[in-house]
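The values are calculated or read from the model by the stated rules, or taken from the named source; none is laboratory data. Note that this is a predicted model, so its numbers are computed, not measured. Reconstructed Cβ throughout: ideal geometry from the backbone, glycine too, with neighbour counts over all protein chains shown. In case anyone asks, the SASA skips ligands and DNA or RNA and just uses the protein heavy atoms, side chains included. Shrake-Rupley method; radii C 1.70, N 1.55, O 1.52, S 1.80 Å.
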Amino acid sequence: MSLHRQTSAQLRAILQRAVASDEPGIAVAIARGGNTIWTGSRGLANLVSHAPLTPHTPFRICSISKQFACTLVMREALQGRVDLNARPSRYVPWTKALDPRVTVAHLMQNKSGVRDQWVMAMLMGARAEQRFTLEDGVEVMRRAPESMFEPGTQNSYCNGNFEILGEILLAVTGQTFSQLSYENIFGPLGMHSSFVGIDTASSLPGDARGYRFHMGAWREEENAVHWGASAGIVSTAEDLLKWAGALRLASREQARTSRANKLVSAASPHAANEARAIYGAAAQPGHVDSLTFAAMQAILRTTPFNDGSPAIYASGITNLVDGNRALLTHSGALRGWRSILMHFTREDTSIVVFMNRTNSPQGKLTRGVAMQIAEALGIDRVGRPRVVDASVQPDPQSTVLLAEAAGVHISREQGLLIELGGPANATQRARSARRSDSNAAPWLYSHLDRMPLFPLASQTHAARNVAFATDDGHLSVRLGKSTEQNHGSNAAVWLDMREENIHVPLSRALLGAPVRGPFAAGGRYRCGPIESELDIQLKDHEIDIGFAGLFGLGVRYPLNVVNSEVAWFDLMRGVDESPPGRVLVYWDAAENTVELSCALARRIVFRAIRNLV
């Protein structure tokens, strides 16, 4: 099976636009119906040796590793050696410190509420480039074991969940994640260039390196984090397509057996025998054994949140369903390394993209390039919200509400801070559009990125509330007239995060009032459980914040003050990628505490060490 010549030309053009030939490169592999139909690459794996990046260059696939870990845990569950509904402490004693409601399944589905250990490390004095071992990660989780929410009610990405799964595998099998991966997946599938590489500072076969574009030049990234079941696999684009082929078969079989109500339950006491009876004996298509094949199907099933809301993240993989279509996907990131695997079920097409760069002057990284490739293959976006055509002038009510809502909004309860922006009125928008001013469109800043907002197509002009969503539909905001003044504004703002199952009203952070407390005079605060101190300093009319703790003395960050209660800083380099991003700093005057929150670690309370000056 091969692609039409015109489509091949389109794909080559996409790669040419993504990277220059003398830059850190890109490697792509595409399969349809389980057969490779196109591979391509451009650019370099190593800027010193000028070795090219190719589809057979070993590459750190990072968090794509999570679905492998979940498959191996599910394999043990099918044999009755792991109870998915049990507390992790049944297998790993130190995890008894976690919320007693956390189960093994919560870990697999990112529903535990455990704070991400690599984010926490940065608030404990770590620097991005320092060595951070698996043992360090355990120590962080021991010190901050509380869940941020009731397990099962929300989704919050946490690498520590999957490192605990790796420890469970070791406890019940006596084998490491590396050994189990080779024995049950890499070997049977013929993924001969794949292995688990724990130390990110070590060199790889083929000597691929990761880079960042900084101050007009490409610079090699320095990494020293250790990881295992959460992100440790090294593979090639060609090898990863072999896994995608097995995943494809598992997805098709899952759909068939689900319709026939035959899918094996990992909780069944006779699961192993059921699996063999349904899936056969030693080997299945794709050359994994029956238990592994059954486990691959089981990880694709999503479990609703506690309130019955549908979940998108299954077990180590996103399963985004849109009508009769579905997208199985996961991305991976480390400083200098970006990867993504996508499988479109109805189109029966798998796409793998690797790029050895943190950022890109051309603007597109792996996800953006993968979506361009899908479009070239005639594949429509899955799960994209229905938005109004960008060329259509928004109705006056939307424009007024956007202008009212512009500014910083927070949810202290959820530890969220967003910034909304857009033109002041329709006339200004029209003028800006004629100037091709990208700032004219309404936008939202959350976590790491400033993202354009698009009005949702389902609403009518007569609706009391209006809604806007990001292009991928991950975030949406609803705006309406408040029944009472919302900190000086008539606008009421609600934030919806569908993957996380967060639907929360936001409060505006009022500007203009005289600032007092630590954001005006500085101060020192301590979080006892994690043995970390934060220090807010004012010098030459500039204010910044820094941390000291278990991992040393961290760098200092400029603090952006909104008012006496609310400030924020951007933490854009962490021991892992993606970094913590924008961090909300909230001062509680009554308690004289400073509370820190970011996307993956919320509501960490620091108490005053001494009185403010």
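Does segment 476-501 hold any residues that are open to solvent by less than 10 Å² (accessible area, probe 1.4 Å) and either at pLDDT below 85 or within 21 Å of residue 311 (Cα to Cα) (or both), and which are they?
Selection gives 477, 480, 489, 491, 495.
Go through (1) polar (S, T, N, Q); (2) touching a Gly at 6+ places or on another chain (Cβ under 8 Å); (3) open to solvent by less than 20 Å² (accessible area, probe 1.4 Å) for residue 470 and report which single condition fails.
Failing condition for residue 470: (2).
I'd like to check something: does segment 588-600 contain any residue that is in a loop (DSSP other than H, G, I, E, B) and open to solvent by 60 Å² or more (accessible area, probe 1.4 Å)?
Yes, that holds for at least one residue.
Provide a single number: the residues in segment 567-584 that are in a strand (DSSP E or B) and among the basic types (Lys, Arg).
1
Just one of (1) small (Gly, Ala, Ser); (2) crowded, with 22+ Cβ neighbours inside 10 Å; (3) more than 30 Å from residue 201 (Cα to Cα) trips up residue 326, so point out which.
Checking residue 326 against (1) small (Gly, Ala, Ser); (2) crowded, with 22+ Cβ neighbours inside 10 Å; (3) more than 30 Å from residue 201 (Cα to Cα), the one that fails is (2).
Hey, any hits in segment 377-388 for a residue that's open to solvent by 10 Å² or more (accessible area, probe 1.4 Å), modelled with pLDDT of 95 or more and part of a helix (DSSP H, G or I)?
Looking for residues that are open to solvent by 10 Å² or more (accessible area, probe 1.4 Å), modelled with pLDDT of 95 or more and part of a helix (DSSP H, G or I), one finds none in segment 377-388, hence no.
Here is a check on your reading of the model: is residue 19 within 28 Å of residue 368 (Cβ to Cβ) and at pLDDT 95 or above? Let's see the steps before the verdict.
Numbers: within 28 Å of residue 368 (Cβ to Cβ): yes; at pLDDT 95 or above: yes.
Spelling it out, residue 19 is indeed within 28 Å of residue 368 (Cβ to Cβ) and at pLDDT 95 or above.
Does residue 55 fit the bill of being open to solvent by less than 40 Å² (accessible area, probe 1.4 Å) and in contact with an Asp or Glu (Cβ under 6 Å, 6 or more places away or on another chain)?
Yes, satisfied.
So, of the residues in segment 222-250 that are part of a helix (DSSP H, G or I) and touching a His at 6+ places or on another chain (Cβ under 7 Å), which turns out to be surrounded by the fewest Cβ atoms within 10 Å (Cβ to Cβ)?
So in segment 222-250, the residues part of a helix (DSSP H, G or I) come out as 237-250.
So of that shortlist, the ones also touching a His at 6+ places or on another chain (Cβ under 7 Å) come out as 238, 244, 247-248.
Numbers: 238: 19, 244: 21, 247: 23, 248: 25.
Among residues in segment 222-250 that are part of a helix (DSSP H, G or I) and touching a His at 6+ places or on another chain (Cβ under 7 Å), the one surrounded by the fewest Cβ atoms within 10 Å (Cβ to Cβ) is 238.
Starting from residues that are among the small types (Gly, Ala, Ser) and loosely packed, with under 14 Cβ neighbours inside 10 Å, keep the ones in segment 178-203 and report whichever is farthest from the chain's Cα centre (by Cα).
190
Quick one: how many residues across segment 172-229 are farther than 26 Å from residue 77 by Cα and in contact (Cβ under 8 Å) with a residue 12 or more places away in the chain? Break it down into steps so the answer makes sense when it comes.
First, pick out the residues of segment 172-229 that are farther than 26 Å from residue 77 by Cα: 192-193, 199-226.
With the extra rule that they be in contact (Cβ under 8 Å) with a residue 12 or more places away in the chain, the set shrinks to 192-193, 199-201, 204-213, 218, 220-226.
Of the residues in segment 172-229, 23 are farther than 26 Å from residue 77 by Cα and in contact (Cβ under 8 Å) with a residue 12 or more places away in the chain.
Could you tell me whether segment 62-81 includes any residue that is closer than 23 Å to residue 358 by Cβ and hydroxyl-bearing (Ser, Thr, Tyr)?
Looking for residues that are closer than 23 Å to residue 358 by Cβ and hydroxyl-bearing (Ser, Thr, Tyr), one finds at least one in segment 62-81, hence yes.
In this structure, does residue 175 turn out to be part of a loop (DSSP other than H, G, I, E, B), over 14 Å from residue 112 (Cβ atoms) and over 22 Å from the mean Cα position of the chain (by Cα)?
Against the criterion (part of a loop (DSSP other than H, G, I, E, B), over 14 Å from residue 112 (Cβ atoms) and over 22 Å from the mean Cα position of the chain (by Cα)), residue 175 qualifies.
Kindly evaluate residue 292 against the criterion of being open to solvent by 20 Å² or more (accessible area, probe 1.4 Å) and either touching a helix residue (DSSP H, G or I) at 6+ places or on another chain (Cβ under 6 Å) or in contact (Cβ under 8 Å) with a residue 24 or more places away in the chain (or both).
No, not satisfied.
Suppose we filter segment 111-137 for residues that are more than 15 Å from residue 200 (Cβ to Cβ), open to solvent by 10 Å² or more (accessible area, probe 1.4 Å) and touching a His at 6+ places or on another chain (Cβ under 9 Å); how many remain?
Qualifying residue count, segment 111-137: 1.
In segment 27-73, how many residues are outside any strand (DSSP E or B) and either of a type in the set (S, T, N, Q) or within 22 Å of the chain's Cα centre (by Cα) (or both)?
17
Of these, 311, 298, 283, which one is open to solvent by less than 30 Å² (accessible area, probe 1.4 Å) and either part of a loop (DSSP other than H, G, I, E, B) or modelled with pLDDT under 95 (or both)?
After ruling out the rest, the residue left standing is 311.
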